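Here the structure comes first, spelled out in structure tokens, and everything after it is commentary.
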Amino acid sequence: MDQLASLARGVAKASPGTLHARSLTGGIRVPPRPGLTIRFGRGEEPEVDLAVGEDDLRVSRRHGELTYRASQWWLRNTGQQLVRLPHGRLMHESTEAIPLAPGYTPLFVRGSGYREHLVELYVTGHDAPGLVPRRQASTLKPRIWPLSEDERLLLVVIGQHYLLYEDGPRPLSYRRAARLLECLRPDDKWTERRIEHKITEVRKRLHGGDFPYPLIHDKESGAPTDNNLLHNLLRGLVESTTLVPPDLEMID
């Protein structure tokens with residue numbers, strides 16, 4: 001087996017519903033047979049079908065399993081440590097099983113210290129074309145969200161920790177942002193109230209335009225809070241490269 005290969009690059013042609021799974025130590029491919037369960041963890045055969053974190057005692061011997069039922073593969077965490085999925089989704093041992101969508105899904109098993117052990121999953125879909133090289137095709141550009149000059153300056157000030165790519169960034173408070181803006185643009189009369197109004201305008205304008213995170217309140221539940229909505233706004237703008245590190249030059 002090619003240890004450098006990744007399921008993210010695609011898989012060989014297979015019947016719809018086929019599950020491909022790979023860890024650092026090997027890989028398997030199994031058919032979509034009702035009731036079939038594939039197990040992964042620190043243990044060895046026949047306890048598990050895919051070895052993960054063999055040298056890490058924080059990884060359970062049977063840390064997770066995938067079961068084919070109702071025409072889908074369902075993932076469940078059976079270990080003591082958390083399993084992390086894309087978009088920050090976490091699974092505990094008590095979390096209900098979730099279905100895997102066709103295509104590529106990476107998951108990370110929490111280990112000792114800061115270690116995480118990668119398990120790559122790929123479910124062949126009905127219209128999967130397989131690996132199709134596109135070396136000469138034009139690169140798809142990221143979605144850039146429109147911002148005025150004032151809005152960009154304000155969001156760079158409030159989101160400067162996001163643009164430094166810090167771990168767990170949070171927005172600057174409106175009070176601190178107003179003080180910094182007063183130094184940068186003393187004639188523009190930035191106040192906490194004006195900042196709040198500007199942020200609300202941006203959130204309302206971008207909401208509903210395929211923005212990846214919620215930007216307005218759910219009226220029924222009353223959540224998320226304004227601070228979480230601001231976090232969603234900054235996170236989405238940075239991830240889309242609408243805001244980029246060179247923008248920090250605006251506040252140097």
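The single condition from (1) surrounded by 15 or more Cβ atoms within 10 Å (Cβ to Cβ); (2) of a type in the set (Asp, Glu); (3) at pLDDT below 95 that Glu65 fails is (3).
Does His92 count as of a type outside the set (Val, Ile, Thr) and open to solvent by less than 20 Å² (accessible area, probe 1.4 Å)? Spelling it out, it is not the case that His92 is of a type outside the set (Val, Ile, Thr) and open to solvent by less than 20 Å² (accessible area, probe 1.4 Å). Residues in segment 30-62 that are surrounded by fewer than 17 Cβ atoms within 10 Å (Cβ to Cβ) and of a type in the set (Gly, Ala, Ser): Gly35 only.
Of all the criteria given as (1) under 21 Å from Arg9 (Cβ atoms); (2) surrounded by 16 or more Cβ atoms within 10 Å (Cβ to Cβ), the one not satisfied by Arg135 is (2). Restricting the first member to segment 176-194 and to residues that are part of a helix (DSSP H, G or I), and the second to residues that are open to solvent by 100 Å² or more (accessible area, probe 1.4 Å), the beta-carbon pairs closer than 8 Å and six or more apart or on different chains are Glu192/Arg175.
In segment 162-177, what residues are touching a helix residue (DSSP H, G or I) at 6+ places or on another chain (Cβ under 8 Å) and open to solvent by 80 Å² or more (accessible area, probe 1.4 Å)?
In the first step, residues of segment 162-177 are kept if they are touching a helix residue (DSSP H, G or I) at 6+ places or on another chain (Cβ under 8 Å); the result is 162-165, 169-172, 174-175, 177.
Scanning segment 162-177 gives Leu164, Tyr165, Arg170, Arg175.
Could you go through segment 220-238 and let me know if any residue there is over 20 Å from the mean Cα position of the chain (by Cα), modelled with pLDDT of 90 or more and open to solvent by 60 Å² or more (accessible area, probe 1.4 Å). No, every residue in segment 220-238 fails to be over 20 Å from the mean Cα position of the chain (by Cα), modelled with pLDDT of 90 or more and open to solvent by 60 Å² or more (accessible area, probe 1.4 Å). Gly53 is checked against (1) closer than 16 Å to Val83 by Cβ; (2) of a type in the set (Gly, Ala, Ser); (3) in contact with a Leu (Cβ under 8 Å, 6 or more places away or on another chain) and fails just one. What number does that condition carry? So the condition that Gly53 fails would be (3).
Take the conditions more than 25 Å from the chain's Cα centre (by Cα) and open to solvent by 30 Å² or more (accessible area, probe 1.4 Å) and apply them to Leu180. Does it pass?
Yes: the conditions hold for Leu180.
Among the residues of segment 70-82, some residue qualifies, meaning at least one is open to solvent by less than 10 Å² (accessible area, probe 1.4 Å), over 16 Å from Arg22 (Cα atoms) and out of contact with any helix residue (DSSP H, G or I) (no Cβ under 7 Å at 6 or more places or on another chain).
Among residues of segment 195-217 that are touching a residue at least 60 places away in the same chain (Cβ under 8 Å), those with a Cβ under 6 angstrom from a residue that is not aliphatic (A, V, I, L, M), sequence gap 6+ or separate chain, pair up as Leu206/Trp145; Phe211/Gly236.
The values are calculated or read from the model by the stated rules, or taken from the named source; none is laboratory data. Small disclaimer: the values here were computed from a predicted structure and weren't measured. Glycine also receives a Cβ, built like all others from the backbone with ideal geometry; neighbour counts cover every protein chain displayed. Side chains included, ligands, DNA and RNA excluded: accessible areas come from the protein's heavy atoms. Shrake-Rupley method; radii C 1.70, N 1.55, O 1.52, S 1.80 Å.
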